[in-house]
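The values are calculated or read from the model by the stated rules, or taken from the named source; none is laboratory data. This structure is a prediction, so every number in the text was calculated from the model and none was measured. In this analysis, Cβ positions are derived from the backbone assuming ideal geometry, glycine residues included, and neighbour counts consider all displayed protein chains.
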Amino acid sequence: MSKRLYTTNTTKSTVYEHFALSSDGKHYMCQCIRKDDDGEKQCDAKFSSFSGSDKNAPTRTANLKRHLQRFHPKVLKAVNEKDSNENIASTSVTKNVQKSTGEQSPIRKFLISDKVTIRMTPEKFKHHIIEMVVKNSLPLSFFSQTAFLGLNGEMAKKLGVSLERESIRKLIIEEAKCKKEELQKVLKGRFVFLKMDACTRHRVNYFAINVRFVNENNKTITRTLGLKDTQAHHTSDYLQKLVEGVLEDFEIKKEQILCVVTDNASNMLSTNEKMNADEEGNKQILELEEDSSASIGESLETEENAAIFLDNFVEEALKLATIHHMRCVFLHCNLP
């Protein structure tokens, strides 16, 4: 078997050990032994030593390996093993020819883009923006940072989502309004528990109100109704106004509240007591007690009047219902 007679700096594969360059330098000739009807003889298959119009460029290694794969598979196997041991870098075509199946590389292999395709919708993109502000506490100025715009600016532009500060602020306010309306519908006419507490963080006094209820699937749900800055006002009168304002926003009536849970702070205890105080309701009770049986009998002369009377009586009685209070220390004592 002849040794390779012509090499260049770009020729690294050992496949050239099985081909000889012709005297004029225009062809590579296969030196492998081939069997036919006349016996064994040298293959002498010719391959151009030039690539394209550049006469100084050697033929591509893949052409020679493709010939070995078709007519001299054992030789190709030895070449591949030697190339692998020497850690030879081959082109994508060469790698495909090295496969035992001998299939050609699919054309899509050479058309793969460097860009990453992400399935994203405007609604999903907006949802994650809101989540980053509400749950992760990121400031609105974060979305104008160069790094964030470099990662998501092009995507936001194609989705039609503005990353301007006021646009994101408006987006969050609109989402909060929608969530509030949804919660109003859920809480309408439903019995609820309230949990109220206050704390101070970074010299700001906060007052929070949570609502707890059972949904249609008999699952206990907890939602935050409000988180207010008390502006250092801790009196029960001020807290009562905050609570009543939040209940009015969510259209929660007094008769829907089964219980209020707070800590043992005196202002919390006093707030619950003042919520139960209803002078107008007490007057109505006295008026009902002072009514004579004759006047009541007159109002019940017909079935229609009786039904109206009972409905009004039940409605007024519900308004006079007492909101029970539970101190959170009792909850801890009942724990196992």
- Note on the structure: If we keep only residues of the stretch 17-37 that are farther than 13 Å from SER48 by Cα and in contact with a strand residue (DSSP E or B) (Cβ under 8 Å, 6 or more places away or on another chain), then the residue modelled with the lowest pLDDT is ARG34
- Count - residues of the stretch 168-218 that are closer than 20 Å to ILE252 by Cα and basic (Lys, Arg): 8
- Flagged in the stretch 222-262 as touching a Leu at 6+ places or on another chain (Cβ under 6 Å) and in a helix (DSSP H, G or I), in numbering order, are VAL246, GLU255
- Which residue pairs have Cβ atoms under 8 Å apart, sit 6 or more places apart or on different chains, and have a first residue in the stretch 217-242 that is surrounded by 11 or more Cβ atoms within 10 Å (Cβ to Cβ) and a second that is part of a helix (DSSP H, G or I) and among the basic types (Lys, Arg)? SER236/LYS274; ASP237/LYS274; GLN240/LYS274
- Contact list, first residue from the stretch 177-189 and surrounded by 11 or more Cβ atoms within 10 Å (Cβ to Cβ), second anywhere and among the basic types (Lys, Arg) and modelled with pLDDT of 90 or more, beta-carbon distance below 8 Å, six or more apart or interchain, is LEU183/ARG223
- Task: Within the stretch 80-88, identify whether any single residue is surrounded by 12 or more Cβ atoms within 10 Å (Cβ to Cβ), outside any helix (DSSP H, G or I), polar (S, T, N, Q) and modelled with pLDDT under 90, and answer yes or no.
- Result: no
- Task: Go through (1) surrounded by 13 or more Cβ atoms within 10 Å (Cβ to Cβ); (2) without any contact (Cβ under 8 Å) to a residue 40 or more places away in the chain one by one and return the number of the condition HIS202 breaks.
- Result: (1)
